[in-house]
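Undergrad: Got a structure for you, written out below as structure tokens; questions coming shortly.
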């Protein structure tokens, strides 16, 4: 993190565009604000836009503004975020969720600096804005899948900063806990067992999860002493479920299922990387899917919710299963006659386009 902040400080002195990557909750927005506050634009506005939180129909108006009467509800002219950020910094969070159409509009702005409000017939004056973007998605994979423009990626990724997940910098846990406790203004101590459990936790939600846990413990612990009994249930077992996945003698699918359903782990941030790293096999993944289908009665879309994914991930998830031959037929689960183990059967094929990158096991 010291090296990352040093790189961010050097990037702040440059007018170049910056792309910040990292898992959800690692603090990408904090890094973006750090860059702005150490740049020559620090006295100008820092304007943040969460791309994932705005529908495509409203995002164009949010960024570029609109003129009165351009659409239903446009009762007056509205300045866009790009105009509000003039001479300052525009932070585009979750830029990987942007549609291809909006990507084209953003690329045009990055090339000439001109903005055209929704409903306006001509471009307005240019604005001077530094764009800092962030995403928890792998943009290279999205480019390969045709979901993100390669030319836009090159425009945004002039300087690339990657924020590592909290599990890869466990030594930061104590320092962050002290910081959040200081912000609370309360005098709280931790038992040795509680500290050990916190340090061994995988922190799937990263720094955001740590802050929420500290805030919870500050107000729920009696007598100002936090014991292991005060911790969330997912933190009381040592080691966590995900840390034991490499033990091939245990039921991997059961461990993964419990991690996703009971511990709140993320399929894309935890199970997916483990599969690509060959820590788990196709058999493990098929068994995990079988567990999910058994619970959802053969409905893949319902299984997405069970595994903590949004409905927008349906096609991506099905493409992933088809590309790696990990799909499971649903008829047996809908008929209520799921067998205990059909791993010897050949997996079904799906009429879904496969992802371009496949990992052999």
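The values are calculated or read from the model by the stated rules, or taken from the named source; none is laboratory data. On a predicted model such as this, the values are computed, not experimentally measured, just so you know. Because the Cβ atoms are built from the backbone with ideal geometry, glycine has one as well, and the counts that use them run over all protein chains shown.
Undergrad: Restricting attention to the range 13-34, which residues are assigned to a helix (DSSP H, G or I) and in contact with a helix residue (DSSP H, G or I) (Cβ under 7 Å, 6 or more places away or on another chain)?
TA: 31, 34
Undergrad: May I pose another question? If I filter the range 126-137 down to residues being surrounded by fewer than 18 Cβ atoms within 10 Å (Cβ to Cβ) and either outside the structural domain of residue 52 (by TED's automatic domain parsing) or touching a helix residue (DSSP H, G or I) at 6+ places or on another chain (Cβ under 9 Å) (or both), which single residue comes out as farthest from residue 60 (Cα to Cα)?
TA: 137
Undergrad: Tell me, please, whether a residue that is at pLDDT below 85, surrounded by fewer than 18 Cβ atoms within 10 Å (Cβ to Cβ) and over 22 Å from the mean Cα position of the chain (by Cα) can be found in the range 79-88.
TA: Within the range 79-88, one or more residues are at pLDDT below 85, surrounded by fewer than 18 Cβ atoms within 10 Å (Cβ to Cβ) and over 22 Å from the mean Cα position of the chain (by Cα).
Undergrad: So which helices (runs of 4 or more DSSP H) stay within the range 234-329 end to end and still have 2 or more residues that are modelled with pLDDT under 80?
TA: 252-261, 272-276
Undergrad: Among the numbered criteria (1) part of a helix (DSSP H, G or I); (2) closer than 30 Å to residue 212 by Cα, which single criterion is violated by residue 164?
TA: (1)
Undergrad: Condition first: under 22 Å from the mean Cα position of the chain (by Cα), over 20 Å from residue 157 (Cα atoms) and surrounded by fewer than 16 Cβ atoms within 10 Å (Cβ to Cβ). Can you find one or more residues in the range 44-54 that meet it?
TA: Yes, the conditions are met somewhere in the range 44-54.
Undergrad: Filtering the range 138-172 down to residues that are more than 25 Å from residue 265 (Cα to Cα) and in contact with a strand residue (DSSP E or B) (Cβ under 9 Å, 6 or more places away or on another chain), which residue is surrounded by the fewest Cβ atoms within 10 Å (Cβ to Cβ)?
TA: Only one residue fits best here, namely 160.
Undergrad: Name the residue, out of 10, 42, 76, 87, that is in a helix (DSSP H, G or I) and over 30 Å from residue 144 (Cβ atoms).
TA: 10
Undergrad: Could you run through the range 143-160 and say how many residues are outside any loop (DSSP other than H, G, I, E, B) and either more than 20 Å from residue 25 (Cβ to Cβ) or not assigned by TED's automatic domain parsing to the domain that holds residue 111 (or both)?
TA: Result for the range 143-160: 10.
Undergrad: Yes or no: residue 175 free of Cβ contacts under 8 Å to residues at least 60 places away in the same chain, in a helix (DSSP H, G or I) and within 24 Å of residue 26 (Cα to Cα)?
TA: Considered against the rule, which asks whether it is free of Cβ contacts under 8 Å to residues at least 60 places away in the same chain, in a helix (DSSP H, G or I) and within 24 Å of residue 26 (Cα to Cα), residue 175 comes out as yes.
Undergrad: While we're looking at this one, here's another question. Just checking, does the range 204-219 include any residue being over 18 Å from the mean Cα position of the chain (by Cα) and either in a loop (DSSP other than H, G, I, E, B) or assigned by TED's automatic domain parsing to the domain that holds residue 316 (or both)?
TA: no
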